[in-house]
Structures are given as structure tokens and as C-alpha cells.
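A short worksheet on the structure shown next.
The values are calculated or read from the model by the stated rules, or taken from the named source; none is laboratory data. Everything numeric here is computed off the predicted structure, so don't read it as measured data. Don't worry about glycine lacking a Cβ; one is built from the backbone with ideal geometry, like all the others, and counts go over all protein chains shown.
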Amino acid sequence: MSVEERGDKTKFFAHNDLRTSQSEMLEDGINSLKENGFLLAAAPTGIGKTAASLAAALKIVFERPDKMKILFLTGRQSQHKIVVDTIKAINNRLGSDASKVKLVDIIGREGMCVNIQPNTGECSCEINIEESSRKSRRMGLVNRILEEPMHVEEIIKIAHKSDKCAWAAARLAAKGADIIVCDYNHVFIENVMELSLPAMGVDLENTILIVDEAHNLPDRIRNGLERIVNNKTFDEASFEVEEFLGDKESKLKQINIDNPYGSNEIKQINDTLIQLKKLRKDMKKWFKNKEDELEDKKDMKIETREFLDEINSILMETLEINENENFAIMRRMINQLFQVKVDSDDSIESGSDNNTACSRLGEMLETCIEYKDSPALALVIDKIGERDEIIVRSFLLDPGAVSGPLFEKSSGSIIMSGTLFPPAMYSDILQIPTNRKCICKEYKSDFLSNRRPILIARDVTTKFTNRGLKNTKNIREHIISAIDKSRGHVALFFPSYMMLENIMDNDDGLRVPWGIGIIKERRMMSKGDVGKRVQELHNKREKGQRCLLVGVLGGKFSEGVDYPENILEVVICVGLPLAPPSARQDALKAYYEKRFGNILAWRYASSQPAVNSLMQAIGRPIRKGEDRALVLLLENRLLNRNYKICMPDSIQVRQTSNSQRTGKFTKSFFEHFPEPAK
């Protein structure tokens, strides 16, 4: 359907034609946002969710008399460019008389600045420029950013050529922008939000949030409140405070004047040092006792109050008076820990403190105090590393405890992803306000069914009780049949590195057909390494060579990376990436049982995340309507009701009973669709 046929609703739509599902999403976005409500959209690749969400949000923003902003939040820098290009297309369609949409694209300071100092957080971008003239010099770049939308890489390039700070200029330009494209952290991580949003002129009450790839948001919020301390943390924090105290005393001696404030500061630091020395000694015993309690277990949950009370009782022993009201002494120690600065080579994240043991300990204690009476946070004693080192790790079981109040404060939101399924689950988990309009909807893609058939094998599984030599042999034969009868590059994903090694390397190994190269994911691959592997796929195809890309579900190759130009023609997923048994997983299920009941608790905590991880992987090869790819799922549990209900209604599944049938189906598919999209 053409844009002209849709009327005023498509004023800010970037393209000439409007797909059916795209039109539905645009109208749903407008209908929800005009009432300050929410749209949770399971929008598969290819329907154009970026254009639809921006068109809906811009219509609301430009119609309202009060000044509003749009924050487009995404965890992927590749998506930044798509948003920038979409706004450029919108501006070109608006005409010469219409007000243009102003956009600022911004990433973390460490990605935009030159040589950030870990202690001060200052960069070297304008090191030779007088402080008094820096802001005025940036204004030329600020005006250029607001004049025409630019990708962040363009901003960085221009800024570095003229000795300007790209990060500072972008934050300054954000005050005059209609749309700010940035990471989730700017809203959902408290210490980043407090430093970032006011500096960019953002008030959540007058802001529409567009959250892209929102299936990642719950875990991103959880990770933002994950804290880790071990026995060494108390040792290192004590050493850091001792060094910090020595530096302060040296500076006061150099001044050589009576300074009551300085003397009081020295006393406070010294009190903290005394407290930490006591903690060093007594927490060694506590960690040893917990190690004995663990015995042969890998981990166990402890009560947040237990951990706090242990530390508080130790701190009280360092005082001559009893001051135990609401952890007052601990709070004062935390404040002092955050002020400790020591020489370090560690780089910092945008808006974060330097990564000292003092800051890590302070953050853990601060988080525990905040959630001391809340079941939303769990503390787990863990064994990690080859030496089974004992650590205390915090887990936020309920991301809605953070996101709920923020969504409530906003002027509405579009929360979207290709695997935001079911949308109602994410509404529950993120605690979307129930007192405002909320649309939860799965949109259909018109081209995916015939160009991306999904084949499920009935004769194989990775369920622990059914594993064996015959099952492993059948899995390998399915994989080989699909590779042998297909064309182009093949992606092969496993639920774990252990399973990958078992199928690929152990016993007889996977006998990949001659001439096919193997690109294997490593545990600690960087984004740059992943980019090089994707480019290698393109280079190989140009030479007429084939590759097998091997990785894990939820890993670097299966999520958060695009494979353009139909560079992957087959995706094979082995098994289900179910979370392994752990104290954390038990705590999550128990928490969800209290909130949602037994049936939904299992789905929300286990089966649905596993299936959504599969959906992310199988969506990698299809990036536009012309793409085609075969998907093979080697797990018969997906045919059972408990897992079948976790799959979107829009996908059409076919079954295969053995590797011979898999080979025949694969051959037939590539005869029908012989060439990848150009």
C-alpha cells in the first residue's frame, strides 16, 4: 500500500510503500503513544519496525505543543546507522517548508574520546585548548550535528580533525535534538542515567522511549546490578585506602597550614582504614565457613540480610559507641569508599567510577542495603575458576524493579524486537504500568514462511537422559546431510561450548565435506574479531568457497551480529539452550512462582528464554524480503506442547524423521531457490 493512501499518519514515514504489518504497527504505535501508553511489538525481521516506530513517535512529538524528545535505545551500534539513515530519508520526504527532524547519535565516552584518564575521567581530545574557549569552539560542530543527521563515526572523524571533543559536542547538541540514539544504559543504569540525561537536556516525563532489540533489556538491567566481591576485595580495598590516606597526608604537609577541614578528612579516611582492616581479618573466617557449607555444591543462595548483618556486626566492633541505626556506620564507610582514588591502568565506562576494589565493595554494599528487604535481589555464593575461588555475587531477579518506575515516568514507549515473544511476558517482566494503555502484539511477516522453512528433527535431542552414541551419531548425520545438499555458507549453533566440542571433536568428530572451511567461535571474541569473521565469509563466497560457521546459542555469532547479502544460506541449531541448574536459577523460579504462578514461572524462567535464543539464531540469515535460508532444528522437544507454545504463531514448522529426509528436503529447497539475494 502506498503512503499517499494512508494519509496523515504516514507524514514521518521514510519510504514510499507501506507493508501490511508495518501499517498495523504504525497505527498501534500512534494509538498507544497518544495516550502516553505502551506498544510491545514482536516484529520479525523484514517488516520494517524501525521505520514504523519512528513514524509513530515523531507524529506524536511534533503534534504536541510541549517540547518532547525521543530516546531510541539499542545495544547494537549497527542499529544506530539504520536509525540515522531512516531519519535522513524522512527529512528528504518532508519538503523544504517543513521542520526537519534533528537527531544526535551518541555512544559511550570511551568510544568517542581520545585517551581517557582512569582517575579523573577526562579525555585528551582538547588537551591543547584553553578551558575557557572549549565550549565556544564546539558550537560549530554542534550546529553541524543538528543541521543534518550524522552517524557517530562521522561526528568522531570531524571532531578529531579539529581538536574538538566529539562526546562533549554530541551531549551539547542533544539538548536541541528531537531524537537521541544511544545505549540502554543511559536510561536503565542508574549511575549512568544520573550523569547523562540531565547533561543532554532529557526529562523522562517529556520523553518517548523506543527500545530496540528489547528481548535483551531484562538481562541488561540484571547485569547492571550484578556485583561481585571475594575475600581479596577486602584486602585490596584496605591497601587502596591506605595508599589514598598517604597521598592526602603528603598533600596536607606540603601546604603546611592549619586546615581543620583537611584534618577532619584525614580522620574519616583513617576510620575507614581501621574498619577495613577489621573486615579483612574477620571476613576471611566468614568466607572459609561458607566454603565448608558448600562442600561439593557449586553454589548456594544466602540471604542479603545475613551478608549485611555479618559486615555490620564487624564494623560495630571497631566503635566505642553503639551506632547501629539503619546501617549508619556502613553507609558512611560506603561514601568514603567511593571517594578513594588510586593510580590505575584500567579504563572506565562512560559515567562510571574507576574500577577500584573500593568502588566494587561500595557498590555491592550499597546494592545490598537498597534491596535488603526485597526478594527481587538474590545473593549467591559461587565457586569460580580452576581453584574454585569463593565469591559473593548479586543477581537482580526482577528487572521490573528498575524498569517499571522508569517506564511509569516516561511519556510512553514502543518496546520491540523480532523475538519479543510473547509480548505479554515482557510486559510482566519489565513491569509495564497497568494503569495506562498497553498493546501487546505479534506481527506477521509475509515472506518468511516459504523463504525460511523451519525443519525440526524428530529423532534427536540433547536432553540429558536421552543422550548416547546413537543420538550423537544421528545429530552428526543430520548436520552432514544439510551441509552436503545445500549451497553457500552454513551456520551451526550449539547450546554450550561443551556440546560443541562433543559433537565437533570427540569420538569420530564431525566429518565436514571436503573443501569446506571451519570458522569456530571462541569464548572471548571481541566485536572486531566477529566482524573479521563475517568479512571472511564474504571474501570466501567471492572466491566460490564455502564455510561452516560454528558457535553457541546466545553467543557472539548467533546474536547481535548481522549477516547481510544472504551470506548465510543454512542455519542449524542443535538442542535447547536451557539454563543449567544453579542457585540463581532456583531463586529465579521461586521468585516467579510467587509473582506469576507455577505454570508461567517455568515458562518465563526457563523454556521461553531458551526458545527465544533459538529464534534469535534462526533470524540471522534473513535480513530483507529477498533473502532465503533453510533452518534445521535438531531437537525433538520443540514438538512437545511445553515448548511448542513458546514459538511464535507466524512460523511454519515441518518435520523430518531422519537424516536422509533432511538431505532430500534441503536439496529440494535449494533447487527451488537456487541463488542467494543480490
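The residues on offer are Asp212, Asp247, and the sole one that is assigned by TED's automatic domain parsing to the domain that holds Ile329 and of a type in the set (Asp, Glu) is Asp247. If only one of Pro513, Pro495 is in the same structural domain as Phe665 (by TED's automatic domain parsing) and touching a helix residue (DSSP H, G or I) at 6+ places or on another chain (Cβ under 7 Å), which one is it? After ruling out the rest, the residue left standing is Pro513. Checked against the criterion of being among the hydrophobic types (A, V, I, L, M, F, W, C) and over 24 Å from Gly551 (Cβ atoms), the candidates Leu614, Leu633, Leu639 yield just one match: Leu639. If you go through region 390-410 one residue at a time, do you hit one that is of a type in the set (Val, Ile, Thr), buried (at least 21 other Cβ atoms within 10 Å of the Cβ), more than 30 Å from Ser238 (Cα to Cα) and in contact with an Asp or Glu (Cβ under 9 Å, 6 or more places away or on another chain)? For region 390-410, residues of a type in the set (Val, Ile, Thr), buried (at least 21 other Cβ atoms within 10 Å of the Cβ), more than 30 Å from Ser238 (Cα to Cα) and in contact with an Asp or Glu (Cβ under 9 Å, 6 or more places away or on another chain): present. Reported count of residues in region 156-170, each being buried (at least 20 other Cβ atoms within 10 Å of the Cβ) and assigned to a loop (DSSP other than H, G, I, E, B), is 2. Just one residue in the set Leu588, Leu600, Leu537, Leu548 is closer than 22 Å to Thr419 by Cα and crowded, with 19+ Cβ neighbours inside 10 Å; that residue is Leu588.
For Ile390, the criteria (1) assigned by TED's automatic domain parsing to the domain that holds Lys644; (2) modelled with pLDDT under 95 hold in every case but one, which is (1). Scanning for something β-branched (Val, Ile, Thr), assigned to a helix (DSSP H, G or I), within 25 Å of Leu638 (Cα to Cα) and in contact with a helix residue (DSSP H, G or I) (Cβ under 8 Å, 6 or more places away or on another chain), does region 459-468 turn up at least one residue? No: region 459-468 contains no residue that is β-branched (Val, Ile, Thr), assigned to a helix (DSSP H, G or I), within 25 Å of Leu638 (Cα to Cα) and in contact with a helix residue (DSSP H, G or I) (Cβ under 8 Å, 6 or more places away or on another chain).
Output the residues belonging to region 380-421 that are polar (S, T, N, Q) and in contact with a strand residue (DSSP E or B) (Cβ under 8 Å, 6 or more places away or on another chain).
Ser394, Ser410, Ser411, Ser413, Ser417, Thr419
Among the conditions (1) small (Gly, Ala, Ser); (2) out of contact with any helix residue (DSSP H, G or I) (no Cβ under 9 Å at 6 or more places or on another chain); (3) modelled with pLDDT of 95 or more, the only one that Ala378 does not satisfy is (2). A count restricted to region 532-556 and to residues that are farther than 17 Å from Gly488 by Cα and touching a residue at least 12 places away in the same chain (Cβ under 8 Å) stands at 6. Restricting attention to region 584-639, the residues that are small (Gly, Ala, Ser), out of contact with any Ser or Thr (no Cβ under 8 Å at 6 or more places or on another chain) and under 30 Å from Glu675 (Cβ atoms) total 2.
Among the residues of region 573-614, those that are more than 25 Å from Ile651 (Cβ to Cβ), in contact with a helix residue (DSSP H, G or I) (Cβ under 9 Å, 6 or more places away or on another chain), touching a residue at least 40 places away in the same chain (Cβ under 8 Å) and among the charged types (D, E, K, R) comprise Lys594, Arg595.
From the list Arg623, Arg595, which one is surrounded by fewer than 20 Cβ atoms within 10 Å (Cβ to Cβ) and assigned to a loop (DSSP other than H, G, I, E, B)?
Within the list Arg623, Arg595, the selection yields Arg623.
Residue-level check: of (1) touching a residue at least 40 places away in the same chain (Cβ under 8 Å); (2) part of a loop (DSSP other than H, G, I, E, B), Ile415 misses just (2).
Screening region 171-255 for helices (runs of 4 or more DSSP H) wholly inside it with 3 or more residues that are surrounded by 21 or more Cβ atoms within 10 Å (Cβ to Cβ), touching a residue at least 60 places away in the same chain (Cβ under 8 Å) and among the β-branched types (Val, Ile, Thr) returns no ranges. Pick from region 100-129 the residues that are at pLDDT below 85 and not hydrophobic (A, V, I, L, M, F, W, C): which of them is surrounded by the fewest Cβ atoms within 10 Å (Cβ to Cβ)? Ranking the candidates gives Asn128 first. Each residue in region 640-668 was checked for being within 23 Å of Lys463 (Cα to Cα), in contact with a strand residue (DSSP E or B) (Cβ under 7 Å, 6 or more places away or on another chain) and among the β-branched types (Val, Ile, Thr), and 3 pass.
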